[in-house]
Amino acid sequence: MRKQSGSLGPTELGILQYIGDHHPIRVAEVAEHFAQTAGKARTTVLTVMERLRGKGFLSRKKIRGTWHYAPKLAKGTLLQNLIQRFVDESLEGSLAPFMAYLAETDSMSDEEFEKLKSLVKELETRREGEEA
C-alpha cells in the first residue's frame, strides 16, 4: 500500500470523510452529494478523488464496469493520523497549546466534556498500569 503523502485541503478532507462513511462508492454518488451540499461540479469531485488516490488516501476497483472508491484507512485511523501530523507540524509535537485551547473554549458541548473526562480517566488508568 502506498503511504499517504501531502496535506489535505478542506474539500479533500470533506470528500475523504464522506467516502469513508459510504464506501465503496461511485464518483456519481459522491458528486451528487457535493453538488447538493456544497455546489461542487462533478469534474471537481472527480479531480479531487483522483488527487486523493494519487496521494495514497483512496483505492478504486471496477465493480460491474464502474469504478468504486474506498479509503485505504478506516476513518478513525485517518483522523488520528491527521491529528498526529497537526500536533507534530503545527504544535511542534506539544499538546500544551491544544490543552490551553480546550481550557479557554466555550464551544465544547456537555457530551464532549463528558467524553474528555472519560478519556482522561482512561489515560490515568493506563499510566498507573504502566507504572506498576
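A few remarks follow.
- Single residue of G9, G39, G54, G20 found to be small (G, A, S) and surrounded by 15 or more Cβ atoms within 10 Å (Cβ to Cβ): G20
- Meets criteria (acidic (D, E) and in contact (Cβ under 8 Å) with a residue 12 or more places away in the chain) for E12: yes
- The residues of the range 40-57 that are free of Cβ contacts under 8 Å to residues at least 40 places away in the same chain and part of a helix (DSSP H, G or I), listed by number, are R42, T43, T44, V45, L46, T47, V48, M49, E50, R51, R53, G54.
- Restricted to helices (runs of 4 or more DSSP H) entirely inside the range 64-132, no element has at least 3 residues that are small (G, A, S) and loosely packed, with under 10 Cβ neighbours inside 10 Å.
- Here L102 meets the list (1) of a type outside the set (D, E); (2) modelled with pLDDT under 90; (3) assigned by TED's automatic domain parsing to the domain that holds Y18 almost entirely, failing just condition (3).
- Condition check for R60: surrounded by 13 or more Cβ atoms within 10 Å (Cβ to Cβ), touching a residue at least 40 places away in the same chain (Cβ under 8 Å), touching a His at 6+ places or on another chain (Cβ under 9 Å) and charged (D, E, K, R): no
The values are calculated or read from the model by the stated rules, or taken from the named source; none is laboratory data. As the structure is a computational prediction, the values presented were derived from the model and not from experiment. Here Cβ is always computed from backbone atoms with ideal geometry, including for glycine, and neighbour counts include all displayed protein chains.
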